[in-house]
Structures are given as structure tokens and as C-alpha cells.
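A.B. asks: Got a structure for you, written out below as C-alpha cells; questions coming shortly.
The values are calculated or read from the model by the stated rules, or taken from the named source; none is laboratory data. Remember, predicted model here, so these are calculated numbers, not experimental data. Here the Cβ positions follow ideal geometry from the backbone for every residue, glycine too, while neighbour counts run over all protein chains shown.
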Amino acid sequence: MVFRHAPAVRGDVLDERALQRMDNRELDLLFRSSSAGDVPHGRLPGTGLLFPGTPACGPLAWLVHLVVWAGKETEPSGRSLQNLIGPLRTRTIRALLSHDRSWVDDEECVLIDYSRTSIVARMVRDEVRPVAPGLYLGVIWLWKRRVGWFTLRQQ
């Protein structure tokens, strides 16, 4: 992993909890400072970052993980993935994986593209970059508007 600029990190450890403490500006700087890296593979536990940098982010991340979304799992080919949805971690909402230009900064990222694979998520585009060993930071686009952040943990 190569950083283009020094990442905006508080403390020595960059993990999901550290990302929850960062605000949108800091997450944006961290994403912009990271290179695309490899396409993640396997089962990828995820954390939703809702209202990052606020006291609500941690409890909301826990609740979302428990009830709504728990991450993603790639297909054996490594060219697509499915989301792990609900308490049963049902594999659904397929997306294609590739490298592409990020809408954040026009630099390379790993693209998670739902536009050709999902009726319910056709308007969603996820972009991820590794920000620490085994940890990816993702940005969520909905109808071409940036609406949120998430993490994926490579196991």
C-alpha cells in the first residue's frame, strides 16, 4: 500500500474504531491519500460509518452490523461480490469488481459496480482503497452523490 500524502490519522493504530472517530473531511483526506491496492477477496466483514466523527457513529455501526449489513463476500473468480445482508448474513445484491477512476479524485480505486447486476442497487456505486494492512475504506455513491462511508476487513 502506498500513500500519496500523509494520511489524517489520530494515534498509532488505524482500525475501524479510529475511522469512526474521524469526521467526513478526515475520511476524505485519508481516502485521497491512499492508492487503489489489490481487489479485496474472500469474506470481508464490514462496518457502516454513519455520522462519522460523532458519538453516534460507534453505536450506529454496531446496530447496522447486527441488523442490516455485515459486509461483502467475493465470488471465487474475484470478479464479483455479494453483500451480507440481515442478521442471517444472506448473500445478496451482486456487484462487479474492477479497478477504475474514483469519482472522489479521478485517481485509481477498486470499483464495486452495481449498475449492471442489481435492479435494487443499480444507482449505487462503491469505491474502496486500502488505508491500513487488511483494512479498506469505502465511499458510497447514490445517484452520483456521495452519501456515506464504510470499511471492509480483509481476513
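A.B. asks: Pull out all pairs, ordered by first then second residue, where Cβ-Cβ is under 7 Å, the residues are six or more apart or on different chains, the first lies in region 26-49 and is touching a residue at least 24 places away in the same chain (Cβ under 8 Å), and the second is buried (at least 23 other Cβ atoms within 10 Å of the Cβ) and of a type in the set (S, T, N, Q).
C.D. replies: Note: pairs meeting the criteria are Gly46/Thr151; Thr47/Thr151; Leu49/Gln20; Leu49/Thr151.
A.B. asks: I want to confirm something. Restricting to region 59-103 and keeping residues that are assigned to a strand (DSSP E or B) and hydroxyl-bearing (Ser, Thr, Tyr), which single residue is nearest to Arg129 (Cα to Cα)?
C.D. replies: Filtering region 59-103 for residues assigned to a strand (DSSP E or B) gives 69-74, 80-85, 90-101.
Retained after the next criterion (residues that are hydroxyl-bearing (Ser, Thr, Tyr)): 74, 80, 90, 92, 98.
Numbers: Thr74: 16, Ser80: 16, Thr90: 25, Thr92: 22, Ser98: 12 Å.
Of everything passing the filter in region 59-103, Ser98 is nearest to Arg129 (Cα to Cα).
A.B. asks: Please go through region 75-100 and give me each residue that is without any contact (Cβ under 8 Å) to a residue 24 or more places away in the chain, surrounded by 14 or more Cβ atoms within 10 Å (Cβ to Cβ) and on the phi > 0 side of the Ramachandran plot, ordered by number.
C.D. replies: Of everything in region 75-100, just one residue is without any contact (Cβ under 8 Å) to a residue 24 or more places away in the chain, surrounded by 14 or more Cβ atoms within 10 Å (Cβ to Cβ) and on the phi > 0 side of the Ramachandran plot, namely Arg89.
A.B. asks: So which of Ser102, Ser115 ends up being touching a strand residue (DSSP E or B) at 6+ places or on another chain (Cβ under 9 Å), closer than 16 Å to Pro40 by Cβ and of a type in the set (Ser, Thr, Tyr)? Show your work before the answer.
C.D. replies: On the way: Ser115 fails: closer than 16 Å to Pro40 by Cβ.
Sole residue among the options that is touching a strand residue (DSSP E or B) at 6+ places or on another chain (Cβ under 9 Å), closer than 16 Å to Pro40 by Cβ and of a type in the set (Ser, Thr, Tyr): Ser102.
A.B. asks: Here's something else I'd like to know. Of everything in region 142-154, what is surrounded by fewer than 19 Cβ atoms within 10 Å (Cβ to Cβ) and part of a strand (DSSP E or B)? Give them in sequence order. Break it down into steps so the answer makes sense when it comes.
C.D. replies: Pass one, region 142-154, residues surrounded by fewer than 19 Cβ atoms within 10 Å (Cβ to Cβ): 142-148, 153-154.
Across region 142-154, the qualifying residues are Leu142, Arg145, Arg146, Val147, Gly148, Arg153.
A.B. asks: When you check Leu88 against the structure, is it farther than 24 Å from Ser35 by Cβ and modelled with pLDDT of 95 or more, yes or no? Explain how you work it out, then say what you get.
C.D. replies: Numbers: farther than 24 Å from Ser35 by Cβ: yes; modelled with pLDDT of 95 or more: yes.
Here the answer is yes, as Leu88 does meet what is asked.
A.B. asks: Further, regarding this structure: Could you say whether any residue in region 8-15 is modelled with pLDDT under 95, at positive phi, assigned to a loop (DSSP other than H, G, I, E, B) and out of contact with any strand residue (DSSP E or B) (no Cβ under 7 Å at 6 or more places or on another chain)?
C.D. replies: Filtering region 8-15 down to residues modelled with pLDDT under 95 leaves 8-13.
Going one step further and asking which of them are at positive phi, we end up with 11.
Subset that is assigned to a loop (DSSP other than H, G, I, E, B): 11.
Adding the requirement that they be out of contact with any strand residue (DSSP E or B) (no Cβ under 7 Å at 6 or more places or on another chain) leaves 11.
Checked region 8-15: at least one residue is modelled with pLDDT under 95, at positive phi, assigned to a loop (DSSP other than H, G, I, E, B) and out of contact with any strand residue (DSSP E or B) (no Cβ under 7 Å at 6 or more places or on another chain).
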